[in-house]
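This report refers to the structure that appears directly beneath it.
The values are calculated or read from the model by the stated rules, or taken from the named source; none is laboratory data. Just so it is clear, the structure is predicted and the values come from calculations on it, not from any experiment. Backbone-built Cβ (ideal geometry, glycine too); neighbour counts: all protein chains shown. Quick note on the areas: whole protein, heavy atoms, side chains included, nothing else; ligands and nucleic acids left out. Shrake-Rupley method; radii C 1.70, N 1.55, O 1.52, S 1.80 Å.
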Protein chains: 2
Amino acid sequence: MALRYLGQTLAQQIDVELMSPTAGCFSIDQLMELAGFSVAQAITKVYSKEKFPRVLICVGNNGGDGLVCARHLHHFGYQPSIFYPKQPNKLLYQNLTNQLRNLDVSMVNNLNDQLTKSDLIVDGIFGFSFSGGIRAPFDEVIKTLKSSTLPIVSIDIPSGWNVEQGNIDNVGLEPEMLVSLTAPKIAAKFFKGKHHFLGGRFIPPSFAKKYELNLPEYPGSDQCVRLPN
Amino acid sequence: MALRYLGQTLAQQIDVELMSPTAGCFSIDQLMELAGFSVAQAITKVYSKEKFPRVLICVGNNGGDGLVCARHLHHFGYQPSIFYPKQPNKLLYQNLTNQLRNLDVSMVNNLNDQLTKSDLIVDGIFGFSFSGGIRAPFDEVIKTLKSSTLPIVSIDIPSGWNVEQGNIDNVGLEPEMLVSLTAPKIAAKFFKGKHHFLGGRFIPPSFAKKYELNLPEYPGSDQCVRLPN
């Protein structure tokens, strides 16, 4: 049975169901922690801290996965920095940001400057809820990232892509690696980068069966698994 | 610099500080998720799912780490069962329990019977807050576990042990493996089992420095590290 690629509505429905008090019973803290950890672990499998020590993580409105990923990368021995131009006034994100401050992770304002001091970009700008046009300030951010030659790792969806139709009009990023979360979204079929991983090893088999996700087996205690290109 | 073994007061202080909104800024969900995951991962390094598939997890009043550990073991391919005689009326623990129900993890009532159907015991009964005598129903539970010949993995502190003085009057468990969390407690110096691991890879270096924890390096993206015996 082939792995299922999720449309936007179904991705949202599964997300809601995972956190529903009458279904999955997960807290957002738990899911974000596991998702962000899985992204960080996937990065270690492709980009070593020796060759790619300086990781610039670009975080969008709701980029908790990126913030968690940054924290774990720091513990793994990388030197993450955070570009986070629009910080929501929500306790969850403030706490995740403070956790990074406690690690002395740099919060940077000048994206162009930071790109010259980085080896790898993590794109945590937009997720599976993205739709419509790219609004400021992320229009300029994505243009700037597109002009960089550094490898990009996108979390769940390459930013700027339509969740189902892919990189329409080529306005979105073209990452070298994509880490799909829980299950790949339909747009991932258009991914042409080198490395595709799946993370988010928390889907109950009963959910996977109900939605016919046909998830692959994760190896050992890994929280991510490489998908065939 | 030698690894520091924590007394009970300091262990409690660090725990409070990790979750303080003006210090660590972690939620209990996050820390429990990472701690429980680290225990599950440590188990995979010693007890394979092929030889020790059936894991009986005994959970005490506040045993969130044990419940999280059980969930990850299930995802890793083990067959956990849960003995949880006193379930607190708190949403956090109810959610962790419901997450296990969604995986069809057995909640068992008959400890003696379940021991005959298990290959490994996880002791998540008492943690670093334990003091005083062992109250019912855990007095009988610990006696029953002591009479078993199955290997035991204790989380943070072997149940029944004084957190600083160890297994006074030999009333506590004698585990084959101990997974200390964040930093070992003083009682761990009296641990004579085969395998000692450290989990809980989330301590900010600034905390570690302030409390002179002298933590070991964790390998790769692992959430646990073996400590010398």
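Things worth noting here:
- Separation between Cα centres of segment A:120-166 and segment B:48-122, rounded to whole Å: 41 Å
- The protein assembly as shown: Cα Rg divided by the 2.2 N^0.38 Å rule of thumb: 0.99
- Amide H contacts under 5 Å for residue A:82, placed H, 5+ residues apart: A:57, A:106, A:107, A:108
- Table column - 3J(HN,Hα) (Hz), segment A:144-158, Karplus curve with 6.51, -1.76, 1.60, x for Gly and Pro: 5, 5, 5, 7, 7, 9, 5, x, 10, 10, 9, 8, 6, 9, x
- Placing unit charges on the Cβ atoms of the charged side chains and taking the dipole of segment A:8-227 about its Cα centre, the candidate lying farthest along the positive direction among A:112, A:91, A:14 is A:112.
- Residue of chain B with the smallest Cβ distance to the axis mapping B onto A, distance rounded to whole Å: B:29, 2.
- Here the accessible area of segment B:8-227 is 49 percent carbon and sulfur, with a 1.4 angstrom probe and all protein chains present.
- Between amide H atoms placed 1.01 Å from N, distances below 5 Å from residue A:196 occur with A:178, A:227, all of them 5 or more places distant or on a separate chain.
- Residue with peak Gaussian network fluctuation, chain A [Cα springs, cutoff 10 Å], from A:201, A:54, A:135: A:135
- Between B and A, buried accessible area from a 1.4 angstrom probe totals roughly 2700 Å², ignoring ligands, DNA and RNA.
- For the set A:51/A:210; A:90/A:185; A:86/B:185; A:185/B:86, the pairs lying more than 32 angstrom apart at their alpha carbons are A:51/A:210; A:86/B:185; A:185/B:86.
- Chain B: relative contact order as a whole-number percent, Cα under 8 Å and 6+ apart: 22 percent
- Accessible surface ranking that places the most exposed of B:1, B:107 first, with a 1.4 angstrom probe: B:1, B:107
- 1.4 Å probe, heavy atoms, protein only - residues of segment B:203-228 losing at least 50 Å² accessible area vs chain alone: B:221
- Note on residue B:168: accessible area is roughly 70 Å² with a 1.4 Å probe, heavy atoms of protein only.
- Teacher prompt: residue B:219 distances to equivalent labels in other copies, 7 Å Cα→Cβ, nm: 1.5
- Charge dipole magnitude, Cβ of K and R +1, D and E -1 - the protein assembly as shown, Cα centre, debye nearest 20: 380 debye
- Dipole magnitude of segment B:1-159, debye to nearest 20 (Cβ charges: Lys/Arg +1, Asp/Glu -1, about Cα centre): 260 debye
- Solvent accessible area, Å² - residue B:46, 1.4 Å probe, full protein context: 40 Å²
- Inter-copy label distances at residue A:106 (7 Å, Cα→Cβ; nm, one decimal): 5.6
- Here the 3J(HN,Hα) profile of segment B:171-186, calculated from phi with Karplus coefficients 6.51, -1.76 and 1.60 at θ = phi - 60°, is 7, x, 6, 10, x, 7, 9, 10, 10, 6, 10, 6, 7, x, 8, 3 Hz, Gly and Pro shown as x.
- Accessible area of residue A:104 in the full protein assembly, 1.4 Å probe (Å², nearest 10): 130 Å²
- Inter-chain shielding of B:94-106 (mean C-beta neighbours from other protein chains, 10 Å cut-off): 4
- Residue mean of other protein chain beta carbons inside 10 Å, A:39-49: 1
- Dipole of segment A:8-227, positive end: most advanced residue of A:144, A:27, A:183 [Cβ charges, Cα centre]: A:144
- Accessible surface area normalised per residue over chain B is 41 Å², counting heavy atoms of protein chains with a 1.4 Å rolling probe.
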